[in-house]
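Below is one structure, written out as structure tokens, with a few remarks after it.
We did not get these values from a lab; they are worked out from the coordinates using the rules stated. The shown structure was predicted, so the numbers you read here are calculated from the model rather than taken from an experiment. Cβ placement follows ideal geometry from the backbone for every residue including glycine, while neighbour counts extend to all protein chains displayed.
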């Protein structure tokens, strides 16, 4: 998902958390806004998958580097720009997704 406007059913997440003794995983969460991710965790999600979101950050950084350096042929600088962008976004998301209390 390329936008972050997905809608989650928080009541259903809480009901599932109460009904099953297994960790809940949110697949496709790249389309979910930061605040809704925090709410999903508070309602019982224990694993949040964000690969597409991180792939977008990586790709954007690589594209930006290549646009700014059209003659670049060495992969290390633009791969490094992508890696740095992912590291920065993971750090930001750790603050968003950080310690949350799960309602039981």
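What order do you get for 16-28, 76-88 when each peptide is scored by the mean count of other beta carbon atoms within 10 Å, highest first?
Put in order of decreasing packing, that is 76-88, 16-28.
Using r as the Cβ-Cβ distance of residue 84 and residue 5, and R0 as 30 Å, what FRET efficiency do you calculate, to the nearest 0.05?
For residue 84 and residue 5, the calculated efficiency is 0.65.
Can you tell me how much longer the chain between residue 92 and residue 27 gets when fully stretched, taken as 0.36 nm per residue apart minus their C-alpha distance, in nm with one decimal?
21.5 nm
Given 0.36 nm per residue, what is the gain on full extension from residue 46 to residue 76 after removing their alpha carbon distance, in nm?
Additional length available on full extension: 7.3 nm.
Can you give the helix-only mean residue ellipticity at 222 nm for the chain, where every DSSP H stretch with n ≥ 4 adds -39500 (n - 2.57) and the sum goes over all residues, rounded to the nearest 500 deg cm²/dmol?
Helix-only estimate at 222 nm: -19500 deg cm²/dmol.
Average the reciprocal distances over every distinct pair of alpha-carbons in the chain, invert the result, and give the Kirkwood radius in Å.
15.2
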